[in-house]
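The values are calculated or read from the model by the stated rules, or taken from the named source; none is laboratory data. For clarity, every value in this text was computed on a predicted model and none was experimentally measured. Glycine also receives a Cβ, built like all others from the backbone with ideal geometry; neighbour counts cover every protein chain displayed. The accessibility values were calculated without ligands, DNA or RNA, using every heavy atom of the protein model including side chains. Shrake-Rupley method; radii C 1.70, N 1.55, O 1.52, S 1.80 Å.
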Amino acid sequence: MKHQEFKQLLPEIFQRTDQPGSPLYGLLQAVEGLSEPAELILQQLPVYFDPYATPDNFLPFLASWVDLDRFFTSTPSSAATDKELLRQLDSGRLRELIVAATRLSKLRGTAAGLQLFLETATGIQGFIIDENVLQENNDVIPFHIKISAPKAAQKYQVMIERIIEQEKPVYVTHYLEFSPH
């Protein structure tokens, strides 16, 4: 708000005393200066809710609104791992995950959801989720999946493991392998 707008909020007797050099004039000038940063943010507020336009330092907060912060919540034992995950997941990938969060939430616990999450987080296509893993005697291993990841995704192994643990049903075991080429 500008000086004149603040002045209009005051009783008429105070408005008359607002002259350059008066204490009220100085107070209103100070209040105007203090409110400018907040007003600037409020004018740009829609930018903060757009994952593609929001500043990088606001991304973790925006990610928490769509339940993606569970991948980066530090405990004393996982602090180093969390820093590694955030380093691997650049702001572009995090922006894509925030945009896809609604769809990912609907597909959570499914092979399609896990595949979409892995491909969105790494930016690499070609993850294969096999839900019919066979034992040596050709019997299906119950409640077990095999995730085949492209070789290019091997540098994201820590992040991939964390995503698999979070996105697969809790009773399902898994095996992760990277293709040789």
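Worth pointing out:
- Pairs meeting the criteria (first residue in the range 1-27 and closer than 24 Å to ALA38 by Cα, second residue open to solvent by 90 Å² or more (accessible area, probe 1.4 Å) and outside any loop (DSSP other than H, G, I, E, B), beta carbons under 7 Å, at least 6 apart or on different chains) are LEU24/PHE14.
- Meets criteria (open to solvent by 20 Å² or more (accessible area, probe 1.4 Å) and under 21 Å from TYR52 (Cβ atoms)) for ARG108: no
- Matching option when the condition is modelled with pLDDT under 90, over 20 Å from ALA121 (Cα atoms) and in the same structural domain as ILE147 (by the TED database), among THR17, THR75: THR75
- So TYR171, is it more than 24 Å from LEU68 (Cβ to Cβ) and in the same structural domain as VAL66 (by the TED database): no
- Yes/no for VAL158 being among the aliphatic types (A, V, I, L, M), touching a residue at least 60 places away in the same chain (Cβ under 8 Å), out of contact with any Lys or Arg (no Cβ under 9 Å at 6 or more places or on another chain) and more than 21 Å from VAL66 (Cβ to Cβ): yes
- For the range 139-173, a residue qualifies if it is in contact with a strand residue (DSSP E or B) (Cβ under 9 Å, 6 or more places away or on another chain), open to solvent by less than 80 Å² (accessible area, probe 1.4 Å), closer than 23 Å to SER105 by Cβ and not hydrophobic (A, V, I, L, M, F, W, C), and the qualifying residues are TYR156, GLU161, LYS168.
- Pairs where the first residue, in the range 168-181, is assigned to a loop (DSSP other than H, G, I, E, B) and the second is open to solvent by 60 Å² or more (accessible area, probe 1.4 Å) and of a type outside the set (Lys, Arg), C-beta under 7 Å, 6+ apart: TYR171/PHE143; VAL172/PHE143
- Unmet requirement for GLU119, which otherwise passes all of (1) without any contact (Cβ under 8 Å) to a residue 24 or more places away in the chain; (2) part of a loop (DSSP other than H, G, I, E, B): (2)
- Answer residue from the range 18-58, given it is open to solvent by less than 40 Å² (accessible area, probe 1.4 Å) and hydroxyl-bearing (Ser, Thr, Tyr) and is farthest from the chain's Cα centre (by Cα) among those: SER22
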